[in-house]
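See below for the structure under consideration.
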Amino acid sequence: MLAWPRPDPLTRDLIHLINARRHDHGDNDDAIDTLQAFLEQGREHDLLTVLAALDEEMAEWLFDLVAEASCTLVLDGPDDKPSYAVMAALGLPLQANLTSPLKLKIDPIKTADLLHRYLRIPTGTVVRVEPRLLTDATLELLNLQSLHEHLATVAESRRAQTVAARLLPPVENTAFLLFELIGAPDPGLPDSWEHHHRRAVLEGLMEQCPELAEAPDTIEPPVYAAYAMFDAQNAVRLHHLADETAAVWRELDPLVRSRTIVHLHTQCGNGVYMPVWTDLFDPELPEEHGPVWTSSDVWVFTADLPIEWPGEMLTNRLLAEGCTRFENHIVETPEN
């Protein structure tokens, strides 16, 4: 008789919280504690595997909960009322055609004052700001565990720890302002922002960092830093996939290249976390031959994004490379 190994205690806790959510009960605080324990044990991949396997409603719930777990901490205080450390990010527009090396330096004290004033941060909450804006290529190298560890270090010591050692050139014209709120009365972030406050913050940052572009309408309210990391990973991964596909396409014999069709595949899954890949198809080869070349899977976070978004982004990049023959394929998957 085959022995079936029991899941470890932490995995059992994860199964329990998912089942509790399915039956409309359960405690979000307990769920946050469980997810933070996964991150502290370096088991982020396990969470992403579960995220990919859930149905859409459950995946959206876990997606948001994982972001909160990685970017919030309950602080020990002298009274019974809890306070929190929160790691947040603000996406900012960069000018086009920037020259290297990028500086993207800001004054942490001036910027903390701007955020205090225009985000209406409660009195008594300490705002600590990263001394440089981070590009998407820089943020893409991080993970949920590193964000969580960074927040814990800052919350415990309040020393100026930089979240990234080196600054990489951007893939898209976006930079991210990362900051921590220490001693916040709740773990949430504002979900709306008046236009004149957005403009005031951007103008204050442009005085410090001339590489920013004047486009206040593109600025959204701050979010947990995990969401900014997800956006950065999406952008970098899809651009790399487009680069790899275009490079292989250019290496084909000119006659073959002229008739080759690029297939852009999106496996819709639960619409939250799913793979995207490309292949090159020569229509003159027998059908059983299959593609001339197939890329590796690239996993992207698509919560709150249309299912067509990865294909549209890849299409635009390939058009810029001179490739005009392609097809977008939405690959359906059976229900979980």
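The values are calculated or read from the model by the stated rules, or taken from the named source; none is laboratory data. What you are looking at is a predicted structure, and each value in this text was computed from that prediction instead of being measured. Cβ: placed from backbone, ideal geometry, glycine included. Neighbour counts: every protein chain shown. Quick note on the areas: whole protein, heavy atoms, side chains included, nothing else; ligands and nucleic acids left out. Shrake-Rupley method; radii C 1.70, N 1.55, O 1.52, S 1.80 Å.
Might you tell me the accessible area per residue for region 9-69, computed with a 1.4 Å probe and given in Å²? Mind dumping the intermediate values first?
On the way: 3210 Å² over 61 residues.
Spelled out: the 1.4 Å probe surface of region 9-69, per residue, equals 53 Å².
Once you wrap a convex hull around the alpha carbon atoms of region 205-336, what is its projected area averaged over all directions, in nm²? Don't skip to the end; give the middle numbers.
Numbers: hull surface 43.7 nm².
One quarter of the hull surface, i.e. the mean projection, equals 10.9 nm².
For T174, which sequence-distant residues (separation of 5 or more, or a different chain) have an amide H within less than 5 Å of its own amide H, given hydrogens modelled in the peptide plane?
Here L94, D136 satisfy the definition.
P221: net charge of surrounding residues, Cβ under 11 Å, Lys/Arg +1, Asp/Glu -1, itself excluded? Before the final figure, lay out the partial values.
Details: positive: R198; negative: D191, E194, E220.
Charge balance in the 11 Å sphere: -2.
Round to a whole number: what % of the accessible area of the chain belongs to carbon and sulfur, probe 1.4 Å? Walk me through the intermediate numbers first.
Values: 8800 of 17510 Å².
The nonpolar share, carbon plus sulfur, comes to 50 percent.
Put one equal scatterer on each alpha carbon of region 176-283, apply the Debye formula with no solvent term, and list log10 I(q)/I(0) at q = 0.10, 0.17, 0.19 1/Å to two decimals.
For the requested q values the scattering log ratios are -0.54, -0.96, -1.06.
Any idea of the accessible area per residue across region 234-336, 1.4 Å probe, to the nearest Å²? List each step's numbers first, then the result.
Working: 5330 Å² over 103 residues.
Each residue of region 234-336 exposes 52 Å² on average to a 1.4 Å probe.
Can you give the calculated 222 nm mean residue ellipticity of the chain, where each DSSP H run of n ≥ 4 adds -39,500 (n - 2.57) and the sum is split over every residue, rounded to the nearest 500 deg cm²/dmol? Show your work: numbers first, answer last.
Values: 11 runs with 141 residues, N = 336.
Value at 222 nm, helices only: -13500 deg cm²/dmol.
Using θ = phi - 60° and the Karplus relation 6.51 cos²θ - 1.76 cosθ + 1.60, list the HN-Hα couplings for region 65-75 in order, rounded to whole Hz, with x at every Gly or Pro.
Taking θ as phi minus 60°, the curve returns 5, 5, 4, 5, 4, 6, 10, 9, 9, 8, 9 Hz for region 65-75.
How big, in percent, is the set of alpha carbon pairs in region 72-224 lying more than 26 Å apart? Mind dumping the intermediate values first?
Working: 2756 of 11628 pairs.
Tail fraction, whole percent: 24.
Could you compute the net charge surrounding D13? Neighbours are other residues with a C-beta less than 14 Å from the C-beta of D13; K and R count +1, D and E count -1. Walk me through the numbers before you get to the answer.
Values: positive: R6, R12, R21, R43; negative: D8, D27, D29, D30, D33, E40, D46.
Overall, the nearby charge balance is -3.
Among all stretches of the chain without exposed trypsin sites (Lys or Arg not before Pro) (DSSP loop, at most 16 other Cβ atoms within 10 Å), which one is longest?
Values: sites that count: K103, R120, R158, R159, R166, R325.
Answer from the scan: 167-324.
Taking amide H positions as placed 1.01 Å from N in the peptide plane, with prolines and chain starts having none, which residues 5 or more places from S83, or on another chain, fall under 5 Å of its amide H?
HN-HN under 5 Å from S83: L75.
Considering region 9-69, what Rg and Dmax in Å follow from its alpha-carbon atoms?
Taking only Cα atoms of region 9-69, I get Rg and Dmax of 10.4, 29 Å.
Show me the GluC sites (Glu not before Pro) within region 253-336 that DSSP assigns to loop and that have at most 11 other Cβ atoms within 10 Å of their Cβ. Could you put the intermediate results ahead of the total?
Numbers: sites: E284, E287, E288, E308, E312, E321, E327, E332, E335; in loops: E284, E308, E321, E332, E335.
Taking region 253-336 and a limit of 11 other Cβ atoms within 10 Å, the loop GluC sites (Glu not before Pro) found are E284, E332, E335.
Distance between the C-alpha centers of region 102-170 and region 216-236? Whole Å please.
14
What list of ³J(HN,Hα) values in whole Hz, one per residue of region 162-171 in order, does the Karplus curve 6.51 cos²θ - 1.76 cosθ + 1.60 (θ = phi - 60°) give from phi, with Gly and Pro shown as x?
With coefficients 6.51, -1.76 and 1.60, one gets 7, 7, 9, 6, 10, 9, 9, x, x, 8 Hz.
Using only the Cα atoms of region 66-125, construct the convex hull and provide its projected area averaged over every direction, in square nanometres to one decimal.
6.7
Calculate the dipole size of the chain relative to its Cα centre from +1 charges on Lys and Arg beta carbons and -1 charges on Asp and Glu beta carbons; express the result in debye to the nearest 20.
Taking the Cα centre of the chain as origin, the dipole is about 1220 debye.
Sorted from largest to smallest, which semi-axis lengths in Å does the alpha carbon gyration tensor of the chain give for its equivalent ellipsoid, taking the root of 5 times each eigenvalue?
In descending order the semi-axes read 37, 29, 16 Å.
Need the C-alpha centroid separation for region 24-71 versus region 265-336, integer Å.
Each part's Cα centre sits 27 Å from the other's.
Could you derive backbone 3J(HN,Hα) for region 144-155 from the dihedral phi with the Karplus parameters 6.51, -1.76 and 1.60 (θ = phi - 60°), listing whole Hz in sequence and x where the residue is Gly or Pro?
Working through the residues one at a time gives 4, 5, 5, 5, 5, 5, 4, 4, 4, 5, 5, 5 Hz.
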